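Okay, structure first, notes after.
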Amino acid sequence: MQSHDPVRQVSFIQQALSQNRKPIAFFIGAGCPLSVRVEENVNGQPTNRPLIPDVSGLTTIIADTLTSKEEGKLSTWDKIVKVAAEDGADTKNIELLLSKIRQLSGVAGKGLVRDLSAEELNKLDDQICGVISEQVDRELPQRDTAYHNLAIWARSIRRAQPVHLFTTNYDLLLEQALEESSAPYFDGFVGTRRAFFDLGAVEDEDLLPPRWSRLWKIHGSLNWRLDANGAVVRSDEKTSARSYLIYPSHLKYDQSRKMPYLAMLDRLKSFLLKPSALLFVCGYSFADEHINDVICRSLETNSTAQAFAFMHGKLDEPKYEYGRKCAFSTPNLSMLGFDKAIIGRNHGEWRGDGADELVLPQNVIVTDGTTVSVRLGDFAALGNLLRGLAGEQEQSDEA
């Protein structure tokens, strides 16, 4: 098996992240909030839990909430899980289950589909969105998280090209970190009292100042709403669960809901088609085929672009199957796990020699002299790397 030099790869990533003229973007997935840990007491015992659960953990919480408590009686949730299982779908992924619910609701009409009515399916959709909203409505507990390190790095130097931040997460952690770090950003909405989604402004975002980061929330957001006129607005007002715009899927179930989803995907495609674009992915397992298609096809079209996907844990884990397929077919997509990497379509372990020669922040490369672990798939370690770069950039800018 071929081996890869961790020092060479991490050095290249450092140099790339220090550029102020290259188009640079981060893709923040559901695994990133797991890096923020919260200390609490449960039954008198101290515990350490993630600030927000990942997709699997969120699905478990929803299942515990919506599963029927009456023996022999199935809830609508139980029925949809059964339908998904019969179709061979992943019943541990709430986003896929939501797509299934909305797909069936779109064809049910006034009758039944798979023994479910549109009314039942829409009510279940409401209930799921309500639980998601409750679970992801969290704030960063301190100002030294990886999110803050990313925000400070983004505004640390005068940029010729804006930093793009793509995320599939519904939470407001990126917004909080950017605002607490005095890092200006544009997210597609215009206005103050009840900001509205402006497709024209999104398409013309190149006219905005490059020091403003661009924040693109592909799967919607906790504070997105549909107003009475069907317009997409950003509001903290607590209204009915049905107005939530979280995970507006690829399905054409509502044109208003579909518009932001397509616009955000278009931003991702547009970014990756820029000359010498650099995309850094963290916390994303490549489970969404539509996003994978945009990333891989864009990289195939633009050979000058590069993407680095940082995976948490061992690269050969079953959950990264789709990601590995993308990396094996796309030369300019590198996938870096703790133990192995796929670089230039070559799959290999990290080499141990020379790994301790590079001065790096804590936990970026961990070695015992023989084995090497590259930990950029841990958002906290990636944040440490960005923190070090931001300090160097600000000192250089001041000089």
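Each reported figure results from applying straightforward, stated rules to the coordinates on display, with no laboratory input. Just so you know, these numbers come straight off a predicted model, no measurement behind them. We place every Cβ from the backbone using ideal geometry, glycine too, and count neighbours over all the protein chains shown.
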Query - Gain upon complete extension [GLN45, LYS73; 0.36 nm per residue less C-alpha separation] - result: 6.5 nm
Requested in this report: Compute the acute angle (0 to 90°) between the alpha-carbon long axis of helix 55-66 and the principal axis of greatest extent of the alpha-carbon atoms of the chain; round to the nearest 10°.
Outcome: 20 degrees
Report summary line: For LYS274, the aspartates and glutamates lying under 18 Å Cα to Cα, once residues fewer than eight places off in the same chain are dropped, come out as GLU203, ASP204, GLU205, ASP206, ASP266, ASP293, GLU300
**Report entry** Isotropically averaged projected area of the chain, using the convex hull of Cα atoms (one quarter of hull area), nm²
**Finding:** 22.3 nm²
Report summary line: 1/(1 + (r/R0)^6) with r = Cβ-Cβ of VAL359 and THR65, R0 = 51 Å, i.e. FRET efficiency to nearest 0.05, evaluates to 0.60
Requested in this report: Report, to the nearest 10°, how far helix 255-272 tilts away from the longest principal axis of the Cα atoms in the chain, using its own Cα long axis and a range of 0 to 90°.
Outcome: 10 degrees
Query raised in the report: If you put +1 on each Lys and Arg Cβ and -1 on each Asp and Glu Cβ, how big is the dipole of the stretch 55-136 around its Cα centre, in Debye rounded to 20?
Result: 160 debye
Requested in this report: Quick one: grab the alpha carbon gyration tensor of the stretch 55-136, order the square roots of its eigenvalues as a ≥ b ≥ c, and give me rounded if a/c is under 1.5, else prolate or oblate depending on whether a/b is larger than b/c.
Outcome: rounded
Report summary line: Comparing LYS110, LYS319, LYS274 in a Gaussian network model of the chain (Cα, 10 Å), the one with the largest mean-square fluctuation is LYS110
Requested in this report: Might you report the magnitude of the Cβ-based charge dipole of the chain about its Cα centre, with Lys and Arg at +1 and Asp and Glu at -1, to the nearest 20 debye?
Outcome: 820 debye
Query raised in the report: Tell me, what does the Kirkwood hydrodynamic radius of the stretch 189-231 come to in angstroms if you use every pair of distinct C-alpha atoms?
Result: 12.0 Å
Requested in this report: Give the Rg (one decimal place) followed by the Dmax (whole number) of the stretch 37-196, computed from C-alpha coordinates and expressed in Å.
Outcome: 20.1, 64
Requested in this report: Please determine, in degrees from 0 to 90 and to the nearest 10, the orientation of helix 6-17 with respect to the longest principal axis defined by the Cα atoms of the chain, where the helix direction is its Cα long axis.
Outcome: 80 degrees
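Quick one: work out the % antiparallel among DSSP beta bridges in the chain, nearest 5. Intermediate results must be reported in sequence, preceding the final value.
On the way: 27 of 54 bridges.
Bridges in the chain are about 50 percent antiparallel.
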Report summary line: Of GLN15, GLN103, GLN176, the most mobile residue in a GNM of the chain (C-alpha springs, cutoff 10 Å) is GLN15
Report summary line: Per GNM of the chain with C-alpha springs under 10 angstrom, the most fluctuating residue out of THR371, THR47, THR168 is THR47
**Report entry** Segment LEU199-ASP90, length gained on full extension (0.36 nm per residue, minus Cα span)
**Finding:** 35.9 nm
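Suppose we flag GluC sites (Glu not before Pro) only when DSSP calls them loop and at most 13 other Cβ atoms lie within 10 Å. Which is the longest uninterrupted stretch of the chain?
After excluding every exposed loop site, the longest remaining stretch is 238-356.
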Query - Percent antiparallel among DSSP beta bridges (both partners in the stretch 309-392, rounded to 5) - result: 80 percent
